[in-house]
Amino acid sequence: MDLKDLYQEIILDHGKNPRNLGKFDNYNKDAKGNNPLCGDNVHVYLRLNENKKVEDIAFEGHGCAISMASASIMTDMVRGKEEKEVKEIVTDFLGMIKEKDSLETNILKDDEKTKLMSLSGVKQYPMRVKCATLSWHTLTSALDNSDQIVKTEE
Amino acid sequence: MNIDDIKREFPIFDDKIQNNDLVYLDSANSSQKPRVVVDRIYDFYTKEFSNVGRSVHYLAVAATNLYEQTRVSVQKYINAKDKDEIVFTKGATEAINLVANTFGQKYLSEGDEVLLTELEHHSNYVPWHFLRKAKNIKIEFAEINDNGEVTLEAIEKKITNKTKIISVSHLSNVTGAILPIKEIVQLAHSKNIPVLIDGCQGAPHLKLDMQDIDCDFYAISGHKMYGPTGIGILYAKKKWLEDLPPYQGGGGMINEVKKEGITYGELPNKYEAGTMATAQVIAFNESIKFMEKIGIQNIEKHEKELLDYGLEKLRKNNSVNIIGNPKEKGGVISFTIEGIHPHDIATILDEDGVAIRAGHHCCQILHDKLNLPATARASFGIYNTKDDIDKLNEAINKCKKIFNL
């Protein structure tokens with residue numbers, strides 16, 4: 001295990017200065033997520049337009065550097081994408097965190113993939129995987145209009 | 001008392017953990033186990049195993065005697081009046097659930113109040129919450145002050161003529177505050193209110209005398225007292241154990257079972273349904289002996305020295321913010337670092353073998369009050385040294401470096 005894999009510059013940067021932090025007014029989908037183990041929480045807001053494209057996305061919440069960076073990078077990455085594409089990216093990302101060595105989707109450009117791969121360091125820290133995935137599960141829940149609060153624990 | 005000798009009695013420190021010497025600062029969560037406890041479990045299973053209290057063969061009788069010896073050891077250790085006041089449970093959580101459930105069944109009804117404090121562990125809130133749902137009772141919380149302590153006055157302020165039971169921690173697992181439990185019991189008893197003490201953090205670190213404290217119930221966790229997991233103690237005054245209904249039904253807790261009805265067994269069997277954690281109970285006797293050999297006064301003194309040293313060291317470390325400043329404090333230091341989330345602190349410390357806990361420590365009410373989602377916590381046991389605290393401080397500095405603080 002190497003801490004440098006986990007706390008890469010990009011993570012520290014996004015963790016310290018999260019992009020897209022704060023609610024915006026005309027969102028039409030949102031969902032909350034909790035990590036009961038550590039008390040972290042996230043609230044994802046997004047606006048899906050008539051063409052099912054993510055017009056805007058933001059989040060509120062607090063958590064560790066990993067969870068804040070993950071939400072920050074995620075919101076940056078899915079803005080402007082179609083719902084179908086967003087779902088493919090989410091599945092690809094969660095698959096990578098869980099087992100795959102790399103990202104497979106063609107929707108993302110190489111530099112975007114590199115950015116997302118900076119979160120792959122959590123694989124070596126099983127207790128921290130939930131920090132990286134919470135906002136992604138919450139995004140899915142917002143898209144699916146689920147009323148259920150996403151929890152990392154059952 | 002030589003701490004290095006004591007530390008050598010704990011096999012966990014024999015080997016490196018992830019290439020580091022282990023700096024174990026998570027004893028408030030669970031303590032490490034001395035060799036005598038681990039060996040006792042092995043020996044019992046390999047040479048002496050039988051279920052207790054049922055069969056009459058040699059092994060069964062011998063195991064029953066060993067099991068009951070632990071009861072007597074615990075009774076003496078906490079100076080309970082009678083050995084039948086000691087009930088074995090699977091942990092302190094079950095001990096509190098037992099009281100909430102049986103006391104609630106018999107004595108609580110709609111509108112009655114249970115008085116807790118804001119610094120209770122979830123295990124001393126959720127069982128009462130069940131009653132709030134089932135019986136529409138009310139739960140009141142005595143407030144903490146700015147030092148992170150709960151005073152006698154704070155308790156008194158929340159007592160009403162509806163208060164039916166008071167349930168409070170002996171020692172906070174977050175701020176380390178030691179509550180004035182004897183005074184709380186005196187006050188409560190003057191108003192005819194029984195008191196349960198959650199002694200999870202009290203029992204491993206403080207001298208206990210049930211007859212002196214005079215509480216009605218005291219819950220103990222075995223695994224925080226250098227004992228095995230799966231064992232807890234409920235101390236309860238005999239009058240309560242005789243008066244309250246049984247908690248769980250099953251074998252061992254009955255007197256006579258007929259199709260028409262059932263009568264329950266004598267104390268303490270009434271509350272020990274089914275096969276208990278026999279090996280753990282028997283091994284827990286070794287934990288008690290281990291602590292007695294060192295002497296609780298020596299344990300208190302050692303941990304106080306560590307606490308004073310740790311507080312001094314961390315207060316000097318810029319950007320470390322220590323949570324709470326109670327006058328009477330046990331060996332727990334919860335802290336935050338401005339700009340680093342406690343989980344990141346814990347992961348980075350772990351890289352150097354420094355094991356702490358991060359999160360809300362099962363005290364969300366308290367963290368909400370402090371307006372903190374999480375804290376980092378270092379907690380001490382008999383095996384810790386000043387060197388451990390130096391390593392903690394160095395690892396904190398490494399954290400700050402990684403985060404460019």
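The table below gives the values:
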item	result
Some residue of the range B:99-113 being over 24 Å from B:Asp243 (Cα atoms), β-branched (Val, Ile, Thr) and touching a Pro at 6+ places or on another chain (Cβ under 7 Å)	no
Criterion violated by B:Ser55 - all others in (1) within 20 Å of B:Lys270 (Cα to Cα); (2) under 22 Å from the mean Cα position of the chain (by Cα) satisfied	(2)
B:Ile322 vs. criteria more than 22 Å from the chain's Cα centre (by Cα), crowded, with 22+ Cβ neighbours inside 10 Å and either outside the structural domain of B:Ser172 (by TED's automatic domain parsing) or closer than 30 Å to A:Asn41 by Cα (or both)	no
Exclusive hit being charged (D, E, K, R), over 13 Å from the mean Cα position of the chain (by Cα), more than 14 Å from chain B (Cβ to nearest Cβ) and in a helix (DSSP H, G or I), set A:Asp111, A:Asp76, A:Asp92	A:Asp111
Test: residue in the range B:235-245 that is outside the structural domain of B:Ile322 (by TED's automatic domain parsing), over 21 Å from the mean Cα position of the chain (by Cα), touching a residue at least 60 places away in the same chain (Cβ under 8 Å) and assigned to a loop (DSSP other than H, G, I, E, B)	yes
Any hit, the range B:82-99, residues being more than 25 Å from B:Gly274 (Cβ to Cβ) and touching a Phe, Trp or Tyr at 6+ places or on another chain (Cβ under 7 Å)	no
Top-ranked residue of the range B:363-379 - restricted to ones that are buried (at least 19 other Cβ atoms within 10 Å of the Cβ) and not aliphatic (A, V, I, L, M), ranked as farthest from the other protein chains (Cβ to nearest Cβ)	B:Ser379
Scan of the range B:265-303 for residues that are within 23 Å of B:Pro246 (Cα to Cα), of a type in the set (D, E, K, R) and buried (at least 17 other Cβ atoms within 10 Å of the Cβ), ordered by number	B:Lys270, B:Glu272
Any hit, the range A:18-38, residues being within 14 Å of B:Ile402 (Cα to Cα), crowded, with 19+ Cβ neighbours inside 10 Å, small (Gly, Ala, Ser) and under 13 Å from the mean Cα position of the chain (by Cα)	no
Those residues of the range B:249-259 which are out of contact with any helix residue (DSSP H, G or I) (no Cβ under 8 Å at 6 or more places or on another chain) and either of a type outside the set (Lys, Arg) or in contact (Cβ under 8 Å) with a residue 12 or more places away in the chain (or both), in sequence order	B:Gly249, B:Gly250, B:Gly251, B:Ile254, B:Asn255, B:Glu256, B:Val257
Matching residues in the range B:5-19 - criterion: being touching a residue at least 24 places away in the same chain (Cβ under 8 Å) and surrounded by 13 or more Cβ atoms within 10 Å (Cβ to Cβ)	B:Ile6, B:Lys7, B:Glu9, B:Phe10, B:Pro11, B:Phe13, B:Ile17
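Residue-by-condition table, conditions (1) surrounded by 24 or more Cβ atoms within 10 Å (Cβ to Cβ); (2) more than 17 Å from B:Ile144 (Cβ to Cβ); (3) among the small types (Gly, Ala, Ser); (4) within 13 Å of the chain's Cα centre (by Cα):
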site: B:His170; (1), (2), (3), (4): yes, no, no, yes
site: B:Ile184; (1), (2), (3), (4): yes, no, no, no
site: B:His205; (1), (2), (3), (4): yes, yes, no, yes
site: B:Ala219; (1), (2), (3), (4): yes, yes, yes, yes
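The values are calculated or read from the model by the stated rules, or taken from the named source; none is laboratory data. Since the model is a prediction, treat every value here as computed from it, not as a measurement. For neighbour counting, all protein chains shown are included, and Cβ atoms are generated from backbone atoms with ideal geometry for every residue, glycine included.
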